[in-house]
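Visitor: Once you've had a glance at the structure underneath, I'll fire off some questions.
The values are calculated or read from the model by the stated rules, or taken from the named source; none is laboratory data. Source: prediction; values computed, not measured. Please note: Cβ atoms are built from the backbone with ideal geometry, for glycine as well, and neighbour counts cover all protein chains shown. Just the protein is used for accessible areas: all its heavy atoms, side chains included, with ligands, DNA and RNA removed. Shrake-Rupley method; radii C 1.70, N 1.55, O 1.52, S 1.80 Å.
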Amino acid sequence: MRKRNTVLAVLPVVAALGASMIALSGPAAAAAPDTLTLQPVAVGTGGAVVSDTVQSTQAGLDVLRSGGTAADAAVAVAATLGVTDPFVAGIGGGGYLVYYDARTHRITTIDGRETTPATANSNLFIDPSTGQPFAFPTAVTSGLSVGIPGTLMTWQRALDQWGHFSLADDLRPAEQVARNGFPVTGNFREEDRENAERFTQFSSSSALFLPGGQLPAVGSTMRDPDLAATYRQIGQQGVGALYGGSLGRDVVNTVHNLPLAPGATLVPRPGLMQLSDLARYTAPDEAPTHVNYRGYDVYGMGPSSSGGITVGEALNILSNVNLAGESRTEALNDYLEASQLAFADRNRYIGDARYVNVPEQQLLSPRFGKQRACLLDQNHALTSPVAPGNPYSGSTSCTPAAPTTASKPNDGAATNHFVITDKWGDVVSYTNTIEEIAGSGMVVPHRGFLLNNELTDFDFTPLQAGVPDPNLPAGGKRPRSSMSPTIVLHNGKPFLAIGSPGGATIITTVLQILINRIDFGMALPQAIAAPRASQRNGAQTQAEPDFLTESTTPGLEKLGQSFYISDTSPLDPSIIIAPTIGEAAGLEFLGNGKILAAGEPVRSGGSSAGVIHPTS
Ligand code: GLU
C-alpha cells in the first residue's frame, strides 16, 4: 500500500514545478503547458487525467491537447510515472489496462502481467538447500522474483489499437522529465527511505536513489539520464529493444549477475530469465469481466488478475441485500462479509486461466452470488477463515461455511493507478506495478529503472494441504494479481472509471468506492476519501485508523468483527510506514461532456487531477 507522507499531508500543496520541465517536441509540442498544482479534484470538459504526480498528469493532458487519444496519453502518463514515481511502476514491471472505445462502445482489456521464465516450476521459491520455502523478504530481493516485464508491450498494444501517435512521440514527455529533472516530493523521499537499506546492497540502485550516499532532500532536483536514454532507444528501435534486443540483454544480465555493491551482505540468488523468455512475451487482449450491479454494468480485469472476478462476485453477493436501506453497522458488516466470502473463492479458484481452469462464469453468476449471500450474518461476524463455496453446484441453497485451514496468500504492496478520458469519450483505467515498493530493489545498471518482484505474488507452497492451489508457479505462467482497473457503464455510456494500488487491498478499495458511490450516494471525491477497511478472509480486518473512529465501528465490534492497523513494512518490520490503504484515482461522467476527475486528497501525499477545459 502506498504511504501517506507527513510533508505532503497538508493540502493544498503547490507542486507546480513539473509543468515548466516539460518542454515538449513532436506532436505534443503544440500544447501550451499549464501550471498544474497537486489537486485531488477537477471538473471540466474535453478530456481529463488523474494520476499520482503533477508531471505525469501534465504529460497526459499535453498529449490530449495535441490530438492524442486516451491510449496515447496513457503511455505518456505511465512513462512519466516511471520517472517521477519510480518505486511503484515502470518498464521493469507489468499491469492491466481496461479501455472503453467510444467508436465501437466496446470495452477491451490488455493483460500486461509479468510471466515466469519458461524453465520455472512449482519449486521456484523453495530453497534447494533446505527444501523449505524462502522467507518472503529473501525471495523479494533476488533475481528469482523478477518476472518478464509486460509494461512496454502493453503500451505498444494500446497504441496499435487506439493510438494516434507513435511510441517515440508518446515517450518524449517522460524522456524530457527524466533528463531535465523534477523536484523530489515527500512521498518520493519516503519510499526511498523505506528501501534505502536494500538499495545499499546494489551499486546501481544506490547510485540512482542514494546520490552521494544520502537520501535526496525534498525539493532537490532528481534526474535519471540513464532512463532518458533508455526511453530514447526504445523510441528509435521499438519495443524489440527489450523483447530480444540490447535492453533485454541488460535485464537478463542483471537478473543473473546481481549488481551487488562492494561489501554487500546479501546472498545472491540469481533468476532464471533468458533472452528467449523476453522474445516470446505477449500482452494479450482479453474480454473484460462483467456484472450488473443495481443497473450499473461493471467491467473489470479477468484472469490472470483476480480483481474483476472478486469485485464482481462481492457485488453479486451484495445485490441480495439492500445496503442503502440498512443501518450503517449492518451495511458495513455486509460489505466486510461479502468481501470475505469472495476472497475465500478467489484464493481457491483463481489463477492464470491458461494454466488452471478458472470457473469465471460460475463465480460471476447471480445464482452463485445468491448462494453465497445466504451466509451473510447480521448478528455475528463470520468465523474466519470461511471456506470457499462450490460454484459448480448451480444451487442457490445455503451451503454452510465449513471450517477451513487454508492459509492466506502473500499480499502485494504497491503500484499506481491512473484514469484518462479524451475528447472523443474513450476511457482508460490502467493499473501498473513492480509489486513491492522498489520491486526487487535492483536497478538495471546504466538503464535507470527498477526490476519487478512480481513472481512473489505466486503462492510459494499450496495454501492448504490436499487442496489444489491455482496460484503455484509454473514455466511461462502469470502470478495471480489483485489489480482491479474498472470501468462502469450506465445505460450503455461511461459512468465511472476507478482503480487503486494496494496489493490485495485493491479489491476491497474498489469495492468500497463502488458501494460508497452507488449505494451510499456519496459524491465520487467523498467515496474516494472515505476511511477504508479491507476484509480478505482473515481473522481480523485491516483498517485505516480513521475507519476505527467512525461511530459505526463499535457496532461492528459488538458483532464480532475485529480490526488491525498495518503500519510496518512487509520486508522489514522495523520500518514504520503510514497505515493507509490504497491510493485511488477515478472519473465520473456527469453528462453533456462534463467530467469529474477525482483522486486522493491526503493518502500518499494526494493525487493530481486535471481536465482540458476546467469549469466550475
Ligand atoms: N503485485 C500486486 C498485484 O498484482 C500489485 C501490487 C500493488 O498493487 O500494490 O496484485
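Visitor: Being of a type outside the set (D, E, K, R), within 16 Å of L318 (Cα to Cα), assigned to a helix (DSSP H, G or I) and away from the ligand (no atom under 14 Å from the Cβ) is the filter here; which residues of the stretch 495-540 pass it?
Guide: Result: L511, Q512, I513, L514, I515, N516, I518.
Visitor: If you check A597 against the conditions, is it crowded, with 24+ Cβ neighbours inside 10 Å and either more than 19 Å from I528 (Cα to Cα) or not basic (K, R) (or both)? Talk me through it step by step, then tell me what you get.
Guide: On the way: crowded, with 24+ Cβ neighbours inside 10 Å: yes; either more than 19 Å from I528 (Cα to Cα) or not basic (K, R) (or both): yes.
Spelling it out, A597 is indeed crowded, with 24+ Cβ neighbours inside 10 Å and either more than 19 Å from I528 (Cα to Cα) or not basic (K, R) (or both).
Visitor: What tally of residues in the stretch 276-305 results from selecting those that are open to solvent by 50 Å² or more (accessible area, probe 1.4 Å) and outside any strand (DSSP E or B)?
Guide: 6
Visitor: Does A118 qualify as being over 24 Å from Y355 (Cα atoms) and more than 24 Å from the chain's Cα centre (by Cα)?
Guide: Values: over 24 Å from Y355 (Cα atoms): no; more than 24 Å from the chain's Cα centre (by Cα): yes.
Here the answer is no, as A118 does not meet what is asked.
Visitor: Between a first residue in the stretch 208-231 that is free of Cβ contacts under 8 Å to residues at least 40 places away in the same chain and a second residue that is part of a helix (DSSP H, G or I) and open to solvent by less than 50 Å² (accessible area, probe 1.4 Å), which pairs have beta carbons less than 6 Å apart while being 6 or more apart in sequence or on different chains?
Guide: Hits for this filter: L210/F199; L215/D192.
For (1) part of a loop (DSSP other than H, G, I, E, B); (2) away from the ligand (no atom under 16 Å from the Cβ); (3) out of contact with any Gly (no Cβ under 9 Å at 6 or more places or on another chain); (4) aliphatic (A, V, I, L, M), each residue gets a yes or a no:
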| residue | (1), (2), (3), (4) |
| --- | --- |
| N333 | no, yes, no, no |
| A342 | no, no, no, yes |
| N347 | no, no, yes, no |
| G351 | yes, no, yes, no |
| S395 | yes, yes, yes, no |
| K423 | yes, yes, no, no |
| I434 | no, no, no, yes |
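Visitor: Then there's this: Quick check: anything in the stretch 34-41 at pLDDT below 95 and farther than 28 Å from F209 by Cα?
Guide: yes
Visitor: Moving to a separate point now. Exactly one of these conditions fails for V467: (1) at pLDDT 95 or above; (2) surrounded by fewer than 24 Cβ atoms within 10 Å (Cβ to Cβ). Give me its number.
Guide: (1)
Visitor: Also, I was wondering about something else. Tally up the residues in the stretch 350-374 that are within 16 Å of E337 (Cβ to Cβ) and within 26 Å of the chain's Cα centre (by Cα), please. Spell out how you get there, then give the answer.
Guide: Keep residues of the stretch 350-374 that are within 16 Å of E337 (Cβ to Cβ), which gives 368-374.
From the residues that got through so far, the ones that are within 26 Å of the chain's Cα centre (by Cα) too are 369.
Residues flagged as within 16 Å of E337 (Cβ to Cβ) and within 26 Å of the chain's Cα centre (by Cα) within the stretch 350-374 amount to 1.
Visitor: Of these, D160, D101, D111, which one is in contact (Cβ under 8 Å) with a residue 24 or more places away in the chain, closer than 26 Å to G425 by Cα, among the acidic types (D, E) and surrounded by fewer than 23 Cβ atoms within 10 Å (Cβ to Cβ)? Spell out how you get there, then give the answer.
Guide: Values: D160 fails: in contact (Cβ under 8 Å) with a residue 24 or more places away in the chain; D111 fails: surrounded by fewer than 23 Cβ atoms within 10 Å (Cβ to Cβ).
The match here is D101.
Visitor: Show the residue pairs meeting these rules: Cβ distance below 6 Å; 6+ apart or different chains; first residue within the stretch 292-306 and over 15 Å from P494 (Cβ atoms); second residue open to solvent by less than 10 Å² (accessible area, probe 1.4 Å) and more than 16 Å from the ligand (Cβ to nearest atom).
Guide: Once the first residue is over 15 Å from P494 (Cβ atoms) and sits in the stretch 292-306, its partners that are open to solvent by less than 10 Å² (accessible area, probe 1.4 Å) and more than 16 Å from the ligand (Cβ to nearest atom) give Y293/L315.
Visitor: Can you tell me which residue in the stretch 557-603 is farthest from T541 (Cα to Cα), limited to those that are hydroxyl-bearing (S, T, Y) and assigned to a strand (DSSP E or B)? Spell out how you get there, then give the answer.
Guide: So the first thing to find is which residues in the stretch 557-603 are hydroxyl-bearing (S, T, Y), and the list is 562, 564, 566, 568-569, 574, 580.
With the extra rule that they be assigned to a strand (DSSP E or B), the set shrinks to 564, 568.
Details: Y564: 6, T568: 16 Å.
The residue in question is T568.
Visitor: Which condition breaks for R367 when tested against (1) open to solvent by 20 Å² or more (accessible area, probe 1.4 Å); (2) part of a loop (DSSP other than H, G, I, E, B)?
Guide: Failing condition for R367: (2).
Visitor: How many residues does the stretch 450-483 hold that are near the ligand (Cβ under 9 Å from one of its atoms) and assigned to a loop (DSSP other than H, G, I, E, B)? Give the derivation first.
Guide: Going through the stretch 450-483, the residues near the ligand (Cβ under 9 Å from one of its atoms) turn out to be 452-454, 456-457, 479-483.
Of the ones still in play, those that are also assigned to a loop (DSSP other than H, G, I, E, B) are 452-453, 479-480, 482-483.
So the answer is 6.
Visitor: Which one of these is modelled with pLDDT of 95 or more, within 22 Å of V251 (Cβ to Cβ) and open to solvent by 10 Å² or more (accessible area, probe 1.4 Å): P494, P445? Walk me through it before giving the result.
Guide: Working: P494 fails: within 22 Å of V251 (Cβ to Cβ).
The unique qualifying residue is P445.
Visitor: Return the pair list, or none, for Cβ contacts closer than 9 Å from residues in the stretch 477-503 that are among the aliphatic types (A, V, I, L, M) to residues that are part of a loop (DSSP other than H, G, I, E, B) and more than 16 Å from the ligand (Cβ to nearest atom), at least 6 apart or on different chains.
Guide: Every condition considered, the pairs that remain are I487/P288; L489/H105.
Visitor: Could you tell me which numbered condition L315 fails, if it satisfies all but one of (1) in contact with a helix residue (DSSP H, G or I) (Cβ under 6 Å, 6 or more places away or on another chain); (2) open to solvent by less than 10 Å² (accessible area, probe 1.4 Å); (3) within 30 Å of T505 (Cα to Cα); (4) in a helix (DSSP H, G or I)?
Guide: It fails just one condition, (1).
Visitor: Among the residues of the stretch 113-132, which ones are in a strand (DSSP E or B) and either of a type in the set (D, E) or within 16 Å of the ligand (Cβ to nearest atom) (or both)? Talk me through it step by step, then tell me what you get.
Guide: Let us first name the residues in the stretch 113-132 that are in a strand (DSSP E or B), namely 115, 126.
Within the stretch 113-132, just T115 meets the criteria.
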